[in-house]
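A.B. asks: My questions will all concern the structure given below.
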Amino acid sequence: MDEKFIEVSQLYKTFQNKNQRIEVLKGIDLVVEKGEIYGIVGFSGAGKSTLVRCMNRLEEPDSGRIRIGDMEITALGKAALNEQRRKVGMIFQQFNLFDSMTVAQNVAYPLKLTGVKGREADERVDEMLALVGLTDKKKAYPGELSGGQKQRVGIARALANRPDVLLSDEATSALDPQTTLSVLDLLKEINEKIGLTIILITHELEVIKYACHRMAVMEDGKLLEQGLVRDIFKNPQCDTAKNFIGVYNRFRNDD
């Protein structure tokens, strides 16, 4: 690693409702290295999901700069942005699968959007399903799958266009602990096998501890603390990190 791959500089984002203007991101600075699994933890409403959605411009930031690899995402026009989004996969808490499509059709959907067809698409689907261990579920429908299997389909679909980055937005929050572990093991295996850069957004500190190399602690639209996971767990500096780790340790020590 030790190669800057994602750089976020002075990122601001606000939302306007009927009565007020809400500042959601307040000057975010973040560097993620190529090939690492980077975790961002925070309570609900901290701005985590907005941050990750700005990285592929599903949300438009008010100001600031986002660079992924050699491409400045915030400077791209619509056509170039659509091309760049192929290189950024994303998985979600609620899976977002099409119930009327088979597993294979769900995985093939982003390929169809990018013009990959025929034998090439079929081979890519088979490759992705093998990667996530669901080859035998190719013809099944989402309603026939467990939550963990659905998330594996979501991961296969997110990887179908062979992205450089995978964004995971609370992707294990709807899963039981055993299934969460299996999904995290899969992400770690994919990270090691193909060197995929992964950003995990979560409010579950155990997810960060198990899967991530480095982490950031987010609160009220700001990154309060960043560093190696082991260092922050050993000696948290901000109150939010101390709170998270205190609760984590209480659960671990509670017999």
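The values are calculated or read from the model by the stated rules, or taken from the named source; none is laboratory data. The shown structure was predicted, so the numbers you read here are calculated from the model rather than taken from an experiment. So basically every Cβ, Gly included, is an ideal-geometry build from the backbone, and we count neighbours across all protein chains shown. Areas reflect the complete protein model, heavy atoms only, side chains present, ligands, DNA and RNA absent. Shrake-Rupley method; radii C 1.70, N 1.55, O 1.52, S 1.80 Å.
A.B. asks: Determine which member of the set 175, 145 is out of contact with any strand residue (DSSP E or B) (no Cβ under 8 Å at 6 or more places or on another chain), in contact (Cβ under 8 Å) with a residue 24 or more places away in the chain and farther than 26 Å from residue 54 by Cα. Steps first, please.
C.D. replies: Details: 175 fails: farther than 26 Å from residue 54 by Cα.
145 is the lone residue from the list that is out of contact with any strand residue (DSSP E or B) (no Cβ under 8 Å at 6 or more places or on another chain), in contact (Cβ under 8 Å) with a residue 24 or more places away in the chain and farther than 26 Å from residue 54 by Cα.
A.B. asks: Of the residues that sit in the stretch 26-49 and are at pLDDT below 95 and of a type in the set (Ser, Thr, Tyr), which one is farthest from the chain's Cα centre (by Cα)?
C.D. replies: Residue satisfying both the conditions and the ranking: 44.
A.B. asks: Which of the residues that make up the stretch 213-224 are modelled with pLDDT of 95 or more, of a type outside the set (A, V, I, L, M) and under 16 Å from the mean Cα position of the chain (by Cα)?
C.D. replies: The one that is modelled with pLDDT of 95 or more, of a type outside the set (A, V, I, L, M) and under 16 Å from the mean Cα position of the chain (by Cα): 214.
A.B. asks: Which condition from (1) surrounded by fewer than 18 Cβ atoms within 10 Å (Cβ to Cβ); (2) within 25 Å of residue 147 (Cβ to Cβ) is the one that residue 183 breaks?
C.D. replies: (1)
A.B. asks: Hey, does the stretch 83-93 have a residue that's free of Cβ contacts under 8 Å to residues at least 60 places away in the same chain, surrounded by 15 or more Cβ atoms within 10 Å (Cβ to Cβ) and of a type outside the set (Lys, Arg)?
C.D. replies: Kept after step one, since they are free of Cβ contacts under 8 Å to residues at least 60 places away in the same chain, are these residues of the stretch 83-93: 83-85.
Cutting the leftovers down to surrounded by 15 or more Cβ atoms within 10 Å (Cβ to Cβ) gives us 84-85.
Going one step further and asking which of them are of a type outside the set (Lys, Arg), we end up with 84.
Yes, that holds for at least one residue.
A.B. asks: Name the residues in the stretch 1-13 that are surrounded by 15 or more Cβ atoms within 10 Å (Cβ to Cβ) and over 17 Å from residue 72 (Cα atoms), would you?
C.D. replies: Correct list: 13 only.
A.B. asks: Which residue out of 103, 107, 41 is touching a residue at least 60 places away in the same chain (Cβ under 8 Å), buried (at least 21 other Cβ atoms within 10 Å of the Cβ), hydrophobic (A, V, I, L, M, F, W, C) and under 30 Å from residue 193 (Cα atoms)?
C.D. replies: Going through 103, 107, 41 in turn, the sole match is 41.
A.B. asks: Quick check on the stretch 136-165: of everything there that is exposed (fewer than 15 other Cβ atoms within 10 Å of the Cβ) and farther than 23 Å from residue 114 by Cβ, which residue is nearest to the chain's Cα centre (by Cα)?
C.D. replies: Checking each candidate, the answer is 146.
A.B. asks: Does any residue of the stretch 186-205 turn out to be at pLDDT 90 or above, out of contact with any His (no Cβ under 8 Å at 6 or more places or on another chain), open to solvent by 20 Å² or more (accessible area, probe 1.4 Å) and part of a loop (DSSP other than H, G, I, E, B)?
C.D. replies: There is at least one residue in the stretch 186-205 that is at pLDDT 90 or above, out of contact with any His (no Cβ under 8 Å at 6 or more places or on another chain), open to solvent by 20 Å² or more (accessible area, probe 1.4 Å) and part of a loop (DSSP other than H, G, I, E, B).
A.B. asks: Being open to solvent by less than 80 Å² (accessible area, probe 1.4 Å) and more than 16 Å from the chain's Cα centre (by Cα): is that true of residue 228 here? Explain how you work it out, then say what you get.
C.D. replies: Details: open to solvent by less than 80 Å² (accessible area, probe 1.4 Å): yes; more than 16 Å from the chain's Cα centre (by Cα): yes.
It is true that residue 228 is open to solvent by less than 80 Å² (accessible area, probe 1.4 Å) and more than 16 Å from the chain's Cα centre (by Cα).
A.B. asks: Still on this structure, please answer the following. Output the number of the condition that residue 55 fails; it satisfies all remaining conditions of (1) farther than 25 Å from residue 203 by Cα; (2) modelled with pLDDT under 95.
C.D. replies: (1)
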